[in-house]
């Protein structure tokens, strides 16, 4: 959708805002075509055959123009540009569709049995990297009792699912209803007495659940490690039965949720199907009748995902790689079946390849590794610890782990941090010794890309995303298969997004929309549209200052707060706001607009600001027990949403239901809401740097990257707010039917 997206902050941070830059007199254009030859001169009349050969020849200021066709190669640029004005540009020819794939087509499939076929491939075919012997691993990665590889099998460009065993792939298609998660909830079957509490135990398989307590007459909530939530409610007791309700949020659409007695195979007590809508307003509930019993008994919650994609399984010996795959009612030799053979599509093997532009390509099928913050982060496209890239107008999809990485270099300490905060602190210290500074790293522009089908993150970056702008991207279907777990999955996952702008992105159908983890300082998250995610925004162990304004956060959980020093202004929240109060990790904060660490600080709750927001159904009472002061004013709470005790001038309209609805039309997604004119009767002040004050831990004001003051006087669309008649929420001009984003072309 075309909106007034890039506000003055981008102009301040970046001097290069377009891909087509003025070329030096000695610069040249190098042409590449599928009909070319690498022995050619690279002119329009005599093009090269491979993009890599063009990259090998290109000098600062050169433009590489790639013409229509499919290119199966990994581009490893040996050099970059020297400045914004003398960058090396890789671009698809105007109006031409260019695909770059990390896969190869495989023929010679032989029928084994049922729907299963096999192909045997000599190991020499893969060269030095075989994705089918490359096991996904690393810090904060959880395999969930299955070995996972970076390889993949694709039928008509869409991937199949790696099976846990050869036995599974040999079954007829559809007989592998995967048990995505199983949880054992050891709960007292009778009402707890005298304040007695029982606990939710960790899972018996796959995903873990943090221990949670169930109090008398109340509920217990477990947080699944990849972002889903379950809530077990005891709401009716009778003489002969006890009725219980399990509420689940953001489990994979189409999954079957079952409550069983004692074990995953026990008596079925109740079940439901998770709706395909994603449930961005409602939870899905399972209700069961349970017979009374003495003592504690076990209820097992089983999440099953019906098989819709074929399975594959690989065996690698000293000579060959044998791949078995299910193809329902087709002969794979008569269809386009591809397999991963390359780790990345566009990624320099050396760090410090600066000032590259990459635009207009469709890039897919990469055997990317797990990308934690403590290791080299290799993406389908990645900047590899460099400066000044522009990545725009690309389609990036089907990456085993990550789509775009703006991340860390590699060293001998990769994946040795033992999943600890202390390990990451040491990683930061080593990065500072290795040139982590404003002059050397970051300053990237990532915009107008369509990123999807990545099983870790759409965009990830540990420390390498500093001073960057991520704008106008569409990101969806991130970590939706849930085959493995960990702590790095999100549409956008950044560590240390210092002075970053995250603006006007459309993020949906992900495990977590935006995750800002450690050292979020000087960051602005503005005008983003998030829905149908498990959670929309998670801010973890940051000290601020950071600003979240004019966003639409419509998923079941709008914000998880495990930070301090944040400001939330003019947002529309339709989901829960949760606050963690006793975070003990000590994490760094920095000098203003710098990577230089001042000190480590704990993460008490509070020191947050909420001004001029609208809350639907869920409010701010989670802040009632905050450790530090909180600042809240001119917020509107509707449809049962409650204000925090810290706000005395809130407008609370308990009975007002705005009937939020997302409507998908041919022209895009519309947000329908029923407006109450009472909302507009409450006016508020324009929020400025002066209004926001100072973040306590770093003792820094909320300002733009150049130190200029904020004046939040525009809305979600960039429309100007009236200085003397500003209203709460993200829209300055109230309408009941809003086109939020245009259809993706």
**Q.** Boolean, residue 186 is on the phi > 0 side of the Ramachandran plot and either modelled with pLDDT under 95 or outside any strand (DSSP E or B) (or both)
**A.** no
Q: Determine, yes or no, whether residue 627 is touching a residue at least 12 places away in the same chain (Cβ under 8 Å) and assigned to a loop (DSSP other than H, G, I, E, B).
A: yes
(Q) Taking the conditions exactly as written (within 18 Å of residue 554 (Cβ to Cβ), surrounded by fewer than 24 Cβ atoms within 10 Å (Cβ to Cβ), touching a strand residue (DSSP E or B) at 6+ places or on another chain (Cβ under 8 Å) and modelled with pLDDT of 95 or more), does residue 476 satisfy them or not? (A) yes
Q. Restricting the search to the stretch 627-642, which residues are closer than 28 Å to residue 698 by Cβ and surrounded by 20 or more Cβ atoms within 10 Å (Cβ to Cβ)?
A. 630, 632, 634, 635
Q | Residue in the stretch 405-428 that is farthest from residue 599 (Cα to Cα), counting only those that are without any contact (Cβ under 8 Å) to a residue 60 or more places away in the chain and not in a loop (DSSP other than H, G, I, E, B) | A | 405
Q | Residue, farthest from residue 325 (Cα to Cα), within the stretch 119-133, restricted to residues that are out of contact with any helix residue (DSSP H, G or I) (no Cβ under 9 Å at 6 or more places or on another chain) and buried (at least 20 other Cβ atoms within 10 Å of the Cβ) | A | 126
Q: Give the residues of the stretch 566-582 that are under 30 Å from residue 430 (Cα atoms) and buried (at least 17 other Cβ atoms within 10 Å of the Cβ), sorted by residue number.
A: 566
Q.
Being within 19 Å of the chain's Cα centre (by Cα) and more than 24 Å from residue 532 (Cβ to Cβ) is the filter here; which residues of the stretch 548-575 pass it?
A. 563
Q: Can you confirm whether the stretch 343-354 contains a residue that is over 20 Å from the mean Cα position of the chain (by Cα), touching a residue at least 24 places away in the same chain (Cβ under 8 Å) and not in a loop (DSSP other than H, G, I, E, B)?
A: yes
**Q.** Matching residues in the stretch 686-738 - criterion: being under 26 Å from residue 500 (Cα atoms) and touching a helix residue (DSSP H, G or I) at 6+ places or on another chain (Cβ under 8 Å)
**A.** 701, 702, 703, 704, 705, 706, 708, 709, 710, 711, 728, 729
Q. So which of 265, 315 is at pLDDT 75 or above and either more than 30 Å from residue 121 (Cβ to Cβ) or not in a strand (DSSP E or B) (or both)?
A. 265
Q | Cross-chain or 6+ apart pairs with Cβ under 9 Å, the stretch 669-685 first and under 15 Å from residue 715 (Cβ atoms), then at pLDDT below 75 and surrounded by 15 or more Cβ atoms within 10 Å (Cβ to Cβ) | A | 679/656
Q. Can you name the condition, by its number, that residue 648 falls short on among (1) modelled with pLDDT under 95; (2) within 22 Å of residue 687 (Cα to Cα); (3) in contact with a strand residue (DSSP E or B) (Cβ under 6 Å, 6 or more places away or on another chain)?
A. (3)
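Listed here are the residues, each with its yes/no results for (1) assigned to a strand (DSSP E or B); (2) crowded, with 24+ Cβ neighbours inside 10 Å; (3) at positive phi; (4) out of contact with any strand residue (DSSP E or B) (no Cβ under 9 Å at 6 or more places or on another chain).
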residue	(1), (2), (3), (4)
536	yes, yes, no, no
544	no, yes, yes, no
601	yes, no, no, no
610	yes, yes, no, no
615	yes, yes, no, no
Q. If only one of 705, 723 is in a loop (DSSP other than H, G, I, E, B) and surrounded by fewer than 19 Cβ atoms within 10 Å (Cβ to Cβ), which one is it?
A. 723
Q) For residue 141, are the conditions met, namely being at pLDDT below 95 and within 23 Å of residue 454 (Cα to Cα)? A) yes
**Q.** Selection within the stretch 365-382 - closer than 23 Å to residue 417 by Cα and part of a loop (DSSP other than H, G, I, E, B)
**A.** 368, 369, 370, 371, 372, 373, 374, 375, 376, 377, 378, 379
Q: Scan (1) assigned to a loop (DSSP other than H, G, I, E, B); (2) farther than 30 Å from residue 359 by Cα; (3) out of contact with any strand residue (DSSP E or B) (no Cβ under 9 Å at 6 or more places or on another chain) for the single condition residue 173 breaks and write down its number.
A: (3)
**Q.** The lone exception for residue 662 - which of (1) surrounded by fewer than 19 Cβ atoms within 10 Å (Cβ to Cβ); (2) under 29 Å from the mean Cα position of the chain (by Cα) it fails
**A.** (1)
Q. Has the stretch 359-379 got at least one residue that is in contact with a strand residue (DSSP E or B) (Cβ under 7 Å, 6 or more places away or on another chain), under 24 Å from residue 452 (Cα atoms) and free of Cβ contacts under 8 Å to residues at least 40 places away in the same chain?
A. yes
Q: Report whether or not residue 320 is within 25 Å of residue 118 (Cβ to Cβ), surrounded by fewer than 17 Cβ atoms within 10 Å (Cβ to Cβ) and modelled with pLDDT of 95 or more.
A: yes
Q: Report whether or not residue 403 is surrounded by 24 or more Cβ atoms within 10 Å (Cβ to Cβ), at pLDDT below 95 and touching a strand residue (DSSP E or B) at 6+ places or on another chain (Cβ under 8 Å).
A: no
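The values are calculated or read from the model by the stated rules, or taken from the named source; none is laboratory data. Note that the structure is predicted; figures quoted are calculated from it, not measured. Every residue, glycine as well, gets a Cβ built from its backbone with ideal geometry; the counts of neighbours run over all protein chains shown.
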